[in-house]
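Notes to accompany the following structure.
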Amino acid sequence: MSAALKKDTAPACVVTLAGAPAGVPAPSVLQMPHKSKSKSSFRPPLRAWLRSALSTVVPPLITVALILLFWQLAAHGPQSALPTPTKIWEEARDLIVEPFFWNGSQDIGLGWRILVSLQRVAIGFSLAAIVGVLLGTLVGQSVWAMRGLDPVFQVLRTVPPLAWLPLSLAAFRDSQPSAIFVIFITAIWPVIINTAVGIRNIPQDYRNVAQVLRLNQVEFFFKVMVPSAAPYIFTGLRIGVGLSWLAIVAAEMLTGGVGIGFFIWDAWNSSRLSDIIVALVYIGVVGFLLDRLVALIGHVVTRGTATN
Amino acid sequence: MSYLKIDHVDKRFQRGSVSTEVLKDINLVIEKGEFVSIIGHSGCGKSTLLNIVAGLTPVSAGAVLLEGKEVNASGPERAVVFQNHSLLPWLTVYANVALAVNKVFGATRSKAERHDWIMHNLDLVQMAHARDKRPAEISGGMKQRVGIARGLAMEPKILLLDEPFGALDALTRAHLQDSVMQIHAALGNTMIMITHDVDEAVLLSDRIVMMTNGPSAHIGEVLDVRLARPRKRLELVSDRTYIAAREAVLKFLYERHRFVEAA
């Protein structure tokens, strides 16, 4: 099982970590010697900060500019099926510059729609986090629970999120809880599996300490298990939140309502391609922020554990 | 009546159909306030013996009696100082000791009393200055000091030390040995220490229990170390009793019970 798990966790980590923060330390380290040589040890750290900020922000900006330029040139001309960046700017300007306008119930800013989707993700993901950690603990702690449950989990986790939707619509008879259920069932597997691995990797020493102290089950869970497995749990949560965000857009396309997913479907039906592209950018940025948020919380929470 | 009695203890480990006998017929009586070292080559089962006394490993036959009562589960009255300190890395030094103190004395002492007790024990090992540091931020010797403080803070009837200085450099080790001697002199605890360092065993112990090589290890010899306390490391170097005790242990380990695999 652990081989399958590693496959699951490792690439996700690599993908997410390869982003911005990896770029931060490297350039600043390279430039440090320069500055310290020029008697600048008393110079305010603002400069150093600014420099490292610039070296993080400028390269992606250049990349984006190049993409936009290429796109503009490629989609230029009357035969093109896709709008150019300038055309998008003309057509969907209100969506871009004003995320929170409100002109009646169906004509609202993308910010509102994102918030509605985020709310669904928040409920579904929170439930998945709680249930996932508890089930993962059970599977990690008990050999028989693992033998009984793990094969079932391994099969269920391969079911694509949307395949659950018809079933949950039938069960809940309403789109809102169905969408939340899809988020839940999508996000829970990586949480369970990573928590289980984390629990199984609790060093015997910590268990011995708990035994000598005669910690009861509840104390052991909160004082030893959760902190010790926290780095693994947060890896699972991070993968889970990413999957939730993937699933919500697809689920909303089918269930309707106010969310960002339905907006895309609606825009497609009325051939507003520019709107769709703006919505894609919104989704991407919010997904990125969600991932960073969970990573940040994980970083703060696992301060002590990770450094050991 | 003896304080701690290890009575005809056998330990076998079963793996599939293969059964290995690690310990065979271990008998040992320890009096209150005694410092006993258990020495032997690696793999002879001395850590297993300590874990049995701690209640972390069940016996296959025989029993361990503390004040006449059989012990078969672990508990804070037999605190363990682990070989690799085993501090919880997400807790500060203070919180690591507090976890033990709050668990053991949560019902019987007030919050202020518990705080004083935690600080008293950190003072005892000279670690009060680092109370808000995490284990990753302090040196190996300091971690082991905190480990000892945590063990002492449980007010155990017996403190079990599992190769407590094994992972430390020689200078740090000497410092900690002195600390343990002082604490033993001041508090009069009963202590059992696992070690494979002959000098350490002679310096600290009232008695040295020498174990034969496994499998089926048993107690080969028990040596009384009749050295007056307090003992001073430097004065002992030329002390006749010390040299004789050292020689006896070395002869046991390297003449009569040579570690075959190492040869």
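Nothing in this text is a laboratory measurement; each read-out follows from the coordinates by a stated rule. Just so it is clear, the model here is predicted, and its values are computed rather than measured. Positions of Cβ are generated from backbone atoms using ideal geometry, with glycine treated the same way; all protein chains shown enter the neighbour counts.
With N counted as the residues of the range A:65-105, its alpha-carbon radius of gyration over 2.2 N^0.38 Å works out to 1.46. For the range B:1-98, what does the alpha-carbon gyration tensor say about shape, rounded, prolate or oblate, given a ≥ b ≥ c as the root eigenvalues, a/c under 1.5 as rounded, and a/b over b/c as prolate? Oblate, since a/c reaches 1.5 and b/c is not below a/b. The spacing between the range A:114-136 and the range B:171-214, judged by their C-alpha centroids, is 54 Å. Bridgeable aspartates and glutamates around A:LYS87 (alpha carbons under 19 Å apart, same-chain partners fewer than 8 residues away excluded): A:GLU98, A:ASP275. Using Stokes-Einstein with the Kirkwood hydrodynamic radius over Cα pairs, what translational diffusion coefficient do you get for the range B:104-263 at 25 °C and a viscosity of 0.890 mPa s, in µm²/s rounded to a whole number? It diffuses with D of about 139 µm²/s by this estimate.
Put a dot 7 Å past the Cα of A:VAL57, heading toward its Cβ, do the same for B:ASP116, and the two dots end up 5.7 nm apart. The charge dipole of the range A:207-308, taken about the Cα centre with unit charges on the Cβ atoms of Lys, Arg (+1) and Asp, Glu (-1), comes to about 580 debye, rounded to the nearest 20. Remark: for residue pairs B:LYS5/B:LYS46; A:LYS223/B:LYS24; B:LYS46/B:LYS69; B:LYS24/B:LYS69; B:LYS157/B:LYS232; B:LYS46/B:LYS143, the C-alpha separation exceeds 28 Å in A:LYS223/B:LYS24.
Distances between placed amide hydrogens fall under 5 Å for B:ALA61 paired with B:ASP10, all partners being 5 or more residues away or on another chain. Over the Cα atoms of the range A:77-132, the radius of gyration divided by the Kirkwood radius equals 1.22; this is the Rg/Rh ratio. Let a ≥ b ≥ c be the square roots of the eigenvalues of the Cα gyration tensor of the protein assembly as shown; is it rounded (a/c under 1.5), or, if not, prolate (a/b larger than b/c) or oblate? Prolate.
Couplings 3J(HN,Hα) for the range A:207-223, derived from phi with the Karplus relation 6.51 cos²θ - 1.76 cosθ + 1.60 (θ = phi - 60°), are 5, 4, 4, 4, 5, 5, 6, 6, 5, 7, 4, 5, 4, 4, 4, 7, 8 Hz, where x marks Gly and Pro. Near the amide H of B:ILE194, within less than 5 Å, lie the amide hydrogens of B:ILE38, B:LEU161, B:ASP162, B:GLU163, all on another chain or at least 5 residues away, with H placed in the peptide plane. Rounded if a/c is under 1.5, else prolate if a/b is larger than b/c, else oblate: which is the range B:26-169, with a ≥ b ≥ c the root eigenvalues of its Cα gyration tensor? Verdict is oblate for the range B:26-169.
Around the amide H of B:VAL80, modelled in the peptide plane, lie the amide H atoms of B:LEU160, all under 5 Å away and 5 or more residues distant in sequence or on another chain. Taken over the range A:179-290, the alpha-carbon convex hull comes to 99 cubic angstrom per residue.
Among A:SER244, B:SER42, A:SER52, the order by Cβ neighbours within 10 angstrom, fewest to most, reads B:SER42, A:SER52, A:SER244.
Across the range A:147-213, Cα-Cα pairs more than 15 Å apart make up 64 percent of the total.
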